[in-house]
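Just below is one structure, and these are the notes that go with it.
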Amino acid sequence: MFIRGGEEKREFTNSSPDDRERTDLALPPDTAESFAREVDENLRRDRARDAAKRYGGLIVGAVVLFLAAVGGYLYWQNHQVKQSESATEELAGVLDDLAAGKAAAAAPRFDSLRTSDSAGVRATAGFSRAALALQQGDRKRASTIFTELAADQEIAKPYRDLALVRGTALDFDTVGPDAVIARLESLAAPGQPFFGSAGELVGMALIAKGQRNAAAQLFARIAGDATVPETLRSRAVQVAGTLGVDASAALPISNVAVDQ
């Protein structure tokens, strides 16, 4: 102990050498954590650099292919829209010509539009061309068009079913009753959109096969279905009556009075 400037100051010299060595060698906790983080970051950078060298070309190629695919799809979609718009305008023009009595000029234009990429345009052009063929007395051509429409899976099912019914009606006398039933049996059931028309054709085919009772029951169901057009229901009552089944009660009272 010694005194300087009137102040007392103590100096202790009793610390051991080992204590002083541990104090000199130990790192503060913050310094150790910083060092570990730095090592970890350097390791991640090295791994990322190695991966970039090894797979960089593949990644760039994949990105380029993806962008090319997206660009190609967008171009194709835009092209399809433009083609559909053009075909729709062409179809409207042909229908205008047909309404103006220019049937001869309309026929080849309808045939061209039947190959359109638009299912809606194909369907409209097909039904219009078939109607034109029937107007000109060409039942075979109309039947062929209806068959093609019925087989086109891109066209909405109601239009395919309608084409099947119309085509079968044209072919009724040539394909035989078994073929008619095979084509339309699934449509000749209550709840189907074309139950009346398909059922009538199947009923006539059953009569041709000699199955009069089955035909009578089918015509009775047609007569009793309120969703079927009244003209078909009235005709079904008459046919069922000739087969020994009275289905007149299924009709509205006003229609029964007229039929009687």
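Every number in this text was worked out from the coordinates using simple rules, so none of it is lab data. All figures in this text were calculated on a predicted structure; none of them were measured in a lab. Glycine gets a Cβ as well: all are built from the backbone with ideal geometry, and neighbour counts include every protein chain shown.
Could you please rank 148, 89, placing first whichever residue has the fewest other Cβ atoms within 10 Å of its Cβ?
Ranked by crowding around the Cβ, least crowded first: 89, 148.
Which loop-located GluC sites (Glu not before Pro) does the stretch 163-256 contain, where loop means any DSSP state but H, G, I, E or B and the Cβ has at most 16 other Cβ atoms within 10 Å?
Filter output for the stretch 163-256: 185.
Fewest to most neighbouring Cβ within 10 Å: what's the order for 170, 149?
170, 149
Can you pull the Kirkwood radius for the stretch 135-192, inverse mean 1/r over Cα pairs, to one decimal in Å?
Answer for the stretch 135-192: a Kirkwood hydrodynamic radius of 11.9 Å.
Modelling each spin label as a point 7 Å along the Cα-to-Cβ direction, I'd like the residue 175/residue 246 distance in nm, to one decimal.
3.7
Considering the stretch 84-173, what Rg and Dmax in Å follow from its alpha-carbon atoms?
Expressed in Å, the Cα Rg and Dmax of the stretch 84-173 come to 12.6, 40.
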